[in-house]
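J.: Here's a structure for you.
The values are calculated or read from the model by the stated rules, or taken from the named source; none is laboratory data. Since we're looking at a predicted model, the values are computed, not measured. Note: ideal-geometry Cβ built from the backbone for every residue, glycine included; neighbour counts use all protein chains shown.
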Amino acid sequence: MAPLYAPFAINKSGHLKVSDLHSIYWEECGSQSGIPVIYLHGGPGGGIDDSDRQYFDPSHYRSILFDQRGSGKSTPHASLVDNTTWDLVSDIEALREHLGVDKWIVFGGSWGSTLSLAYAEKYPERCLGLILRGIFTLRRTELEWFYQSGADMLFPDYFDAYKAVIPEEERGDMMKAYYKRLTGEDEGEKLKCAGAWSTWETSTSKLPSLIYLITSLSLTSNRALAFARIEAHYFVNGGFMPDGQLLTDAHKIAHLPVTIIQGRYDVVCPAKTSWDLYVALGGKDNANVEYKVIGDAGHSAHEVKIEEALVAAADEFKKLKV
């Protein structure tokens, strides 16, 4: 049995207009008087799922989730205009003010960990603590490992399919080549590239891979398009921040309780990055930070051992004095 809390309903939801162009979809669940926790989804461009709220005990937490710009139910769909890390950080703060939250726990995995760090380092006074999984800090070395050269040594068959949609003469910079097509005018090529990009990522996310999970994202064209377009947009632009900024600024949140959960065999976001974050936060000399490596897991939040660790971390945070 999965360790998540049993499904429960949304209390309220809506759209918040955060710019002249963008409106973000949000939802609130659990106890209205509970400890606030904000869930930041992956991608960028992934959107939220119904199960995402189930990490949090609904009798204790007031859980808040939202679809980032261009993702899920937010509008306009798959838009890259005014869509940067810092726009999303501003959206989180706007949502906090809109919902009347003073401080909250910040919870995110993969790209959600990137955004969690960016937000917390800018607004540490608004954070009660962080629960992070599959750490991704958007350094160029991390991007090249997965999308250019590195992970292909482990998954050459899957990488060949990812590589095949790009002409050989453009394969020296796969992210750039994908971005060119995902932002082009050829709708057929755009969807083909979105499917190939999404399939490469999902096929390497879980240990072991589950084919139904691979196809469910890659064959849902609208979701795959947002996922691939927005990811490529962020990645070719280096996350719209100096390389390594999130690690350089980690000292700004070293006073907060931080739990890091990392799958040992995470190929998408290898353990080196989570270790670098742990060290940047003070490592073993900082009693506020806890580093947990799950020995038989990969990247996906929905591997049982990862789910167990995330639920346990959220349950442990119930002890926070607020």
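J.: Is it true that some residue in region 222-235 is of a type in the set (D, E, K, R) and either in contact with a His (Cβ under 9 Å, 6 or more places away or on another chain) or at pLDDT 95 or above (or both)?
T.: Yes, there is a match, as at least one residue in region 222-235 is of a type in the set (D, E, K, R) and either in contact with a His (Cβ under 9 Å, 6 or more places away or on another chain) or at pLDDT 95 or above (or both).
J.: Moving on. Does region 313-322 hold any residues that are surrounded by fewer than 18 Cβ atoms within 10 Å (Cβ to Cβ) and in contact (Cβ under 8 Å) with a residue 12 or more places away in the chain, and which are they?
T.: Within region 313-322, ASP315, GLU316, LYS318, LEU320, VAL322 meet the criteria.
J.: Here's a follow-up. ALA120 passes all but one of (1) assigned to a helix (DSSP H, G or I); (2) closer than 19 Å to ARG53 by Cα; which number fails?
T.: Going through (1) assigned to a helix (DSSP H, G or I); (2) closer than 19 Å to ARG53 by Cα one by one, ALA120 breaks only (2).
J.: Here are GLU125, GLU97, GLU121, GLU93: which of them is touching an Asp or Glu at 6+ places or on another chain (Cβ under 7 Å) and within 30 Å of LYS319 (Cβ to Cβ)?
T.: The unique qualifying residue is GLU121.
J.: Which condition number in (1) touching a residue at least 40 places away in the same chain (Cβ under 8 Å); (2) surrounded by 18 or more Cβ atoms within 10 Å (Cβ to Cβ) is the one that LEU65 fails?
T.: Result: LEU65 fails condition (1) only.
J.: Follow-up. Say whether the condition of being in the same structural domain as ARG223 (by TED's automatic domain parsing), modelled with pLDDT under 95, of a type in the set (Lys, Arg) and out of contact with any helix residue (DSSP H, G or I) (no Cβ under 7 Å at 6 or more places or on another chain) is met by at least one residue in region 177-199.
T.: yes
J.: I need the full set of residues from region 57-85 which are in contact with a Lys or Arg (Cβ under 8 Å, 6 or more places away or on another chain) and of a type in the set (A, V, I, L, M, F, W, C), in order please.
T.: Selection gives LEU65, ALA78, LEU80.
J.: So, VAL101, is that one buried (at least 24 other Cβ atoms within 10 Å of the Cβ) and of a type in the set (A, V, I, L, M) or not?
T.: no
J.: When you go through LEU277, LEU246, LEU281 one by one, which is the residue that is at pLDDT 95 or above, touching a strand residue (DSSP E or B) at 6+ places or on another chain (Cβ under 8 Å) and within 30 Å of ASP82 (Cβ to Cβ)?
T.: The unique qualifying residue is LEU277.
Per-residue answers, yes or no, for (1) closer than 24 Å to LYS321 by Cα; (2) in contact with a helix residue (DSSP H, G or I) (Cβ under 9 Å, 6 or more places away or on another chain):
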{"site": "LEU95", "(1), (2)": "yes, no"}
{"site": "VAL101", "(1), (2)": "yes, yes"}
{"site": "VAL106", "(1), (2)": "yes, yes"}
{"site": "LEU115", "(1), (2)": "no, yes"}
{"site": "ALA120", "(1), (2)": "yes, yes"}
{"site": "PRO124", "(1), (2)": "yes, yes"}
{"site": "LEU132", "(1), (2)": "yes, yes"}
{"site": "LEU143", "(1), (2)": "no, yes"}
{"site": "GLN148", "(1), (2)": "no, yes"}
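J.: Is there a residue in region 33-43 that is part of a loop (DSSP other than H, G, I, E, B), on the phi > 0 side of the Ramachandran plot, in contact (Cβ under 8 Å) with a residue 24 or more places away in the chain and within 17 Å of the chain's Cα centre (by Cα)?
T.: The answer is yes, given that some residue of region 33-43 is part of a loop (DSSP other than H, G, I, E, B), on the phi > 0 side of the Ramachandran plot, in contact (Cβ under 8 Å) with a residue 24 or more places away in the chain and within 17 Å of the chain's Cα centre (by Cα).
J.: Out of ASP52, ASP87, which single residue is more than 25 Å from GLY263 (Cα to Cα), buried (at least 16 other Cβ atoms within 10 Å of the Cβ) and charged (D, E, K, R)?
T.: ASP87
J.: Restricting to helices (runs of 4 or more DSSP H) lying wholly in region 216-305: which have 1 or more residues that are buried (at least 24 other Cβ atoms within 10 Å of the Cβ), free of Cβ contacts under 8 Å to residues at least 60 places away in the same chain and under 18 Å from the mean Cα position of the chain (by Cα)?
T.: Answer list for region 216-305: 221-236.
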